[in-house]
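The structure appears right after this line, and notes come after that.
The values are calculated or read from the model by the stated rules, or taken from the named source; none is laboratory data. Since we're looking at a predicted model, the values are computed, not measured. Cβ coordinates were reconstructed from backbone atoms using ideal geometry, including for glycine residues, and neighbour counts include every protein chain displayed. To get the accessible areas, we keep the full protein, side chains included, count just its heavy atoms, and leave off ligands, DNA and RNA. Shrake-Rupley method; radii C 1.70, N 1.55, O 1.52, S 1.80 Å.
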Amino acid sequence: CPMVLSLGRMQPQCDSKPPADVPKTTKPRGDSDGPRRSSLCDRHCAAINNVQGDLGDLGCHLHRPRIPPAMSSPSCCQQHSDEVCESCVVKTTLTAENAVEANKLSNNYKFGFKKWKSHVTARPWEDRSEIVKELYSDLNVIRGSGGSTVTCGNVLYLLLFGWWLSLLYVLVAAMMFITIVGAPYGRLCWNLAGYFLWPFGKVIQKEEVPKSRRALGACEAGAETSGVGESSALLGGPVPCRWRLRCWADAGYWQCAGTVAWLCLGYPALVLAHGLVCVTAWLLVILIPVAKLSARTATRVLLLPPERVLVRRLRMTEVPLEGEVILCCYRAVNPYYYKYAVDGINVFAVNLLPLVLVTLVLGYVDSHNCLTSSPVKFTLALLSIMPLSYYIGMAIASISAQSNFAVGAVVNATFGSITELTFYITALIKGSREGNRCYAEIVKSALTGTLVGCVLFVPGLCMVIGGIRHQEQRFNSRSAGVSSALLFLSVGGVFAPTLFSKVYGKLVCGECHNVTQNPLGHYLCHNCHFDLMENNGTLYYSHVQPLVYTVSLLLPAAYLIGLFFTLKTHSHIYDIHISDCHMPGHHHSAVVHWSRWRALVILLLSTLCMSACADLATEHISPILTNSTISQYFIGVTVLAMVPELPEIVNGIQFALQNNLSLSIEIGNCIAVQVCMLQIPILVLFTIFYPTNFTLVFSDLHVYASMFSVVLMNYIFMDGKCDYFQGTVLVMVYFILLAVYFFAPSPSGC
């Protein structure tokens, strides 16, 4: 039965006919052109609803109308006389490869769940585009004439690696010729020197075993089959017994001595060189083909007997070739390798993982700053948060997709804000130990910066980038309205103690100067603030603090009510249906990248490393706060607030490029709501058990910036459609607020 998942439930759709993987389409009466009309309806639905998943994953089907045709949009199904596209009005249908991926797509539209773009299961090979297939293909495929091999990327390879790698092969060849017994390997290195100078348009193949040596090949096969061969993960597979057989069976003493000389003198130097090339090219991402070229050379080509390695030009070789093709490379640079993933992990997250290890080693081993300075350690710790945030997000999405609703909700509520909370709590602990109020002000600035950035910058940037590809984008205004209402409630609750202190607090100024030289004239005062500790803190402890605790209890309760409203009683607001729409014979079972236990272990390890990096960041932020000429407000609202949210920003941009602005907006709104309704109450609860300098009283700048941002966002999202101009307005307002924070004086106590 085709599987249809609606929000929070799964139900099969069956009939009396045999089950099929293709969703059924009701054919309009009196018209045999149903499929074409359905495709037309699909395109109109994509333009109207704008709530689809991956490219090409939107499915709209023709059904009986639930509303009169006159009430439907004329641009959607105006050509249908008696039937309209029901999906254009009441639902959006998304396709998924399997049940796990369907759960992930459904969770993306659930309020309070982390939105995740990447797949949590392995995509079927036939469903991938030709561009992606090329990324994962081996460098042993011979194509037709593809034009000139002189490209900018190939020239870049020549300048970075080709010339010195070729020179190294020439030197190794000379060394092997000097040993005499290694002359065959010297000829091999000489041929490879020309190959690696310009490997494009050339092929390395393994020559077939001559008839006179087939008995030797049978011996090799028998040895490997009987388990004589050893395995080595470093060299990438079983270690063949050809060296052993060549040395002691019929190859003679001289060939055995040449192999020993090669393994002792030539091979190690070349492996080190290719390892350096492989690591460098992999870190540059777009040069991953060069990394594959070097890895296969070190683990395959250099381990073959020299007489069985042939280097030829493709124009001199007939196709098909006789023998196995080992290497065949056409270009060194492929800009699409930013899509490359290793076991479901994006290549950038893989490359940044060693940075976490370097940060932890330098931070805890070099405690006296003998190797690096505090600003360097702070920068490394902050950059290490980005890949850890990615791993936490991937683990949460994997666990939620493979579990029921209750487990997914608990995991998202527990670990969804762990990145920010880890940094905030470590900063407050350090500020309490040092008696420095500046750390509490930095935390308040980071909270405000996250709120303003997720309300203005994240949706605005997604609108601008998505508007480049799509002229006008639409989104679910009802779901955005629910998030906006919660955001208004949360902002009002968070800043209620601040407004209360402004009304009833006593204004105290640091120093005042009489401007008019008249005792009754005007005074110019500096460093003014509202004192809540008058009369031994009666105002604060008797009025403000109870209000803070009350708000901290009401906001999480409102968050739970919002979850119950959107996921249970009014789930039709989202009404997302996910169906398996593969053609017959293309149904695939789920092959998850991370199992639930593996995802849980990675989640816990990433959280532990996140805590360590946050501790290092707060440990080495003091010199930056004391010696920097930039306002501490600006550091908090930019660096500390937005760097942990970079993975979420990337997800939002990817959704916007696929004309799915609803999820881009929900990413920002969900983070902003969690800041006010979960993170701040948790910090208040933490101060009860561990007294710190954190009080829920913000500066006027934070209050005005947050409220203005929320009002502007609701005004922009009022009509349910947007374009790049409205996104530009949000981004420009965000940068204006950043300029205000940049030129603002540092908070008192810093």
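Using a simple spin-label model with pseudo-atoms 7 Å out from Cα toward Cβ, residue 134 and residue 682 lie 4.4 nm apart. A cut-off of 5 Å between modelled amide H atoms, ignoring neighbours fewer than 5 places along the same chain, links residue 329 with 201, 202. Annotation for the stretch 372-444: GluC sites (Glu not before Pro) lying in DSSP loop with at most 14 further Cβ atoms inside 10 Å of their Cβ do not exist. Of the residues 344, 333, 392, the one whose Cα sits farthest towards the positive end of the charge dipole of the stretch 323-452 is 392 (charges of +1 on Lys and Arg Cβ, -1 on Asp and Glu Cβ, taken about the Cα centre).
The solvent-accessible area of residue 417, taken with every protein chain present and a 1.4 Å probe, is close to 10 Å².
The largest accessible area among 119, 368 belongs to the first residue in 368, 119, and the rest follow in falling order (1.4 Å probe, all chains). Placing a label point 7 Å from the Cα of residue 488 along the Cα-to-Cβ line, the residues of the stretch 715-742 whose backbone N sits under 18 Å from it are 715-721. Projecting label points 7 angstrom from Cα along Cα→Cβ for residue 690 and residue 127 puts them 4.4 nm apart.
Residue order by solvent-accessible surface for 592, 120 is 592, 120, largest first, with ligands and nucleic acids left out and a 1.4 Å probe.
Computed with a 1.4 Å probe over protein heavy atoms only, the accessible area of residue 568 comes to about 140 Å². The string of couplings for the stretch 603-614 from the Karplus curve (6.51, -1.76, 1.60, θ = phi - 60°) is 4, 5, 5, 5, 5, 5, 5, 4, 4, 5, 5, 5 Hz, one whole number per residue in order, with x for Gly and Pro. The residues of the stretch 333-400 expose, per residue, 41 Å² of accessible area to a 1.4 Å probe.
Legend: residues 278, 152, 676, sorted from most to least accessible area (1.4 Å probe; ligands, DNA and RNA excluded), read 152, 278, 676.
3J(HN,Hα) couplings calculated from phi for the stretch 185-197 with the Karplus curve 6.51 cos²θ - 1.76 cosθ + 1.60 (θ = phi - 60°) are, in sequence order, 6, x, 5, 4, 5, 5, 5, 6, 4, x, 5, 6, 5 Hz; Gly and Pro show x.
Expressed in units of 2.2 N^0.38 Å, where N is the residue count, the Cα radius of gyration of the stretch 308-403 is 1.78.
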